[in-house]
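Data first, discussion second: the structure below is written as structure tokens.
The values are calculated or read from the model by the stated rules, or taken from the named source; none is laboratory data. Nothing here was measured: the structure is a model prediction, and the numbers come from that model. Cβ atoms come from the backbone with ideal geometry, glycine included; neighbour counts cover every protein chain shown.
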Amino acid sequence: MKTISTQCRGLLLALLVSIMLSACSTLPVGMFSSSANRENPAAYEEALALMDSGHLEAAETTLLRLTKRYRRSAGPWINLSIIYARTQRHEQAEAALNRALELDPRSAVAYNHLGILLRRDGRFEQADQAYAKAIRFDPEYGLAYLNYGVLVDLYLQQPERALAYFQRYQELQGEEDQQVRRWIIELERRVATKTAQVSP
């Protein structure tokens, strides 16, 4: 198997750090149903503000309260999984995401976060399946393509697939991400080299 160059690996590690920071700090869109937002905007805003300011223990308490009040809403469970992951409670994070997916089996956000947890745990094939579901249920969810690209390139050694996912991420961004653009250039070089090597 062809090894990744030192320069390429450095670019990927920088990208990976960026992705992990984004995944841990960004709150999922559609945290509650619209009716829940109308009934309880104060609790919704409180949970968002507490997570954003790093007050995770208080945010956890608020979100747990909301899971009891809005038992059919997946959003609080997704946010709880983010808190659990950030505080190194990975089993609880995965359990929270599985609960979210019981409530909303088409949640692209939940599948994206599940993919991150599975990748961290070394369950790469399962992470592959989670990201595939994320982009199936929301083909315009850019962060899922970004995470998917990292998985299939660094961990599954499939640069052709990674290239397609990174390119799709750039299309969805509107404004080109220069760090990802550098990674795309490196992937294009590797794919071209691999193609040349197998050509008769």
Of all residues making up region 78-91, the number that are surrounded by 20 or more Cβ atoms within 10 Å (Cβ to Cβ) and either farther than 24 Å from R119 by Cα or hydroxyl-bearing (S, T, Y) (or both): 2
Here is a check on your reading of the model: is A144 closer than 22 Å to P76 by Cα, outside the structural domain of N79 (by TED's automatic domain parsing) and surrounded by 23 or more Cβ atoms within 10 Å (Cβ to Cβ)? yes
Go through (1) at pLDDT 95 or above; (2) over 29 Å from G75 (Cα atoms); (3) not basic (K, R) and name the single condition I185 misses. (1)
The lone condition Q197 fails out of (1) under 25 Å from L118 (Cβ atoms); (2) at pLDDT below 85 is (1)
When you go through (1) under 20 Å from the mean Cα position of the chain (by Cα); (2) surrounded by 15 or more Cβ atoms within 10 Å (Cβ to Cβ); (3) modelled with pLDDT under 90 one by one for D52, which number turns out not to apply? (2)
Check off (1) modelled with pLDDT under 95; (2) touching a helix residue (DSSP H, G or I) at 6+ places or on another chain (Cβ under 8 Å) for G174 and give me the number that stays unchecked. (2)
Can you confirm whether G75 is touching a residue at least 24 places away in the same chain (Cβ under 8 Å) and either closer than 22 Å to L146 by Cα or surrounded by 22 or more Cβ atoms within 10 Å (Cβ to Cβ) (or both)? yes
Enumerate the pairs (first residue in region 136-157 and under 12 Å from G115 (Cα atoms); second residue anywhere and of a type in the set (F, W, Y)) with beta-carbon separation below 6 Å, excluding pairs fewer than 6 apart on the same chain, so at least 6 apart or on different chains. A144/Y131; Y145/Y165; Y145/Y169; L146/Y169; Y148/Y131; Y148/Y165; G149/Y165; G149/F166
